[in-house]
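Structure first, then comments.
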Amino acid sequence: MIPHWKDIVVSPDAPLEEAISRIDASGIQVALVLSADGRLEGMLTDGDIRRAILRGQNLRTPTKEVMNPKPTAVLALTPREEMLALMRRQVFHHLPLIDESGRVVGLATLDEFIGAVERPNWVVLMAGGLGTRLHPLTEDCPKPLLSVGGKPILETILQSFAEQGFKHIFLSVNYKAEMIRNYFGTGEKWGVQVHYLHEGSRLGTAGALSLLPQAPTTPLIVMNGDLLTRANFDGLLKFHAEHGAAATMAVREYDFQVPYGVVNLDKHRITSIEEKPVHRFFVNAGIYVLSPDVLGRLPAKSFFDMPTLFEQLIGARETTVAYPLREYWLDVGRLEEYERAQREWSGGDND
């Protein structure tokens, strides 16, 4: 049982912002929504929050409008074996514990029962780009080896995956590939197995996957090798599985404010005027999950980018879903972003 479960308790009327703050501070990825007398009103998971973001709900939305109002709970005296069997059968990662009067007295987690788990999923990091927008920095150094916060960007990414239990890492390399090979070797230093996919010519973010030695048996994570993020990759995989997706794309919310009053027309008649409206979009964040059978669609050793793959899947009516990233994320693709990364990542302002 989680000893500090009370730290993730919120009231039904608490704004979503408060629930997110508690979830992020705890690292447990769930909040317990309790009534004033301690009874379970609902549960709020990381996935619930991301779906709310996609629906356009804001941080002031009451938690009760986003939570699952009918969570499964068990008596605290239930044997651990029964709890574990229930969690595995229902694919639960969290199980509220209640007393005989129905008040919450604890929270059991799957990780607590079975310990930290090594993830079987392969990870492919795209590290073969020329980095021309970062010249002159990349004339003698490949972009993934540029240093931010005292270490190469790609090392930060690899460490993040290693810390989250992902041990099978493939690096897709092309430009100055030997420098990357010499730096990471077999990956032993980081407790992972590093393998290399060498692009003889540029193959794109999806085409490089055709170089994998065999088809994976579990969903595959693909990520650009120039991203700094605090993303929770286990949460990404859970979201992919929950939606039965063939492919999942991580997205970022992007707001654009028109600096003028926008005039809406019906032919020549003015119907309304919006003063400096804000338009909200979701943009590709360069992180993907692909189910194994999707890889069969890739042409062998030909240029093929990830947006094209998603367009084909959409055309074939396969399930493709968006996973909104609310954690820190920065694409270090231009000098402005590189300078920003130096300020934020090393300075700690990266929540």
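Laboratory data are not the source of any read-out in this text; all were calculated from the coordinates shown. In this text the structure is predicted, and so the values were computed from the model without any measurement. Every residue, glycine as well, gets a Cβ built from its backbone with ideal geometry; the counts of neighbours run over all protein chains shown.
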Exercise. Calculate, for Val9 and Phe113, the FRET efficiency according to 1/(1 + (r/R0)^6) with r their C-beta to C-beta distance and R0 22 Å; round to the nearest 0.05.
Key: 0.50
Exercise. Place +1 on the Cβ of every Lys and Arg and -1 on the Cβ of every Asp and Glu in segment 93-247, take the dipole about the Cα centre, and give the residue among Val222, Val148, Leu134 whose Cα lies farthest towards its positive end.
Key: Leu134
Quiz item: Hey, what angle do you get for helix 16-26 against the long axis of the chain, alpha-carbon based, 0 to 90 degrees rounded to 10?
Solution: 80 degrees
Quiz prompt | Packing-based exposure ordering (other Cβ within 10 Å, fewest first) of Met179, Met223, Met83 | solution = Met179, Met83, Met223
Quiz item: Computed FRET efficiency, Cβ-Cβ of Glu253 and Phe303, R0 35 Å: what is it to the nearest 0.05?
Solution: 0.75
Practice problem: Could you check the simple spin-label distance between Lys151 and Lys64, using points 7 Å along Cα→Cβ, in nm with one decimal? | Solution: 4.6 nm
Quiz prompt | Angle between the chain longest axis and helix 233-242 axis [Cα atoms, degrees, rounded to 10] | solution = 70 degrees
Quiz item: Quick one: length gained pulling Thr217 to Leu137 fully straight, 0.36 nm per residue minus the C-alpha distance?
Solution: 24.9 nm
Exercise. Find how many whole Å separate the alpha carbon centroid of segment 213-230 from the alpha carbon centroid of segment 104-139.
Key: 8 Å
Exercise. Would you kindly state how much longer the chain becomes between Ala36 and Arg317 on full extension, computed as 0.36 nm times their sequence separation minus their alpha carbon distance, in nm to one decimal?
Key: 96.6 nm
Quiz item: Do the alpha carbons of any pairs in Lys70/Lys238; Lys143/Lys276; Lys189/Lys238; Lys6/Lys189; Lys151/Lys276 sit beyond 31 Å of each other, and which pairs?
Solution: Lys143/Lys276; Lys6/Lys189; Lys151/Lys276
Practice problem: For the chain, find the longest principal axis of its Cα atoms and tell me its angle to the long axis of helix 335-347, 0 to 90°, nearest 10. | Solution: 40 degrees
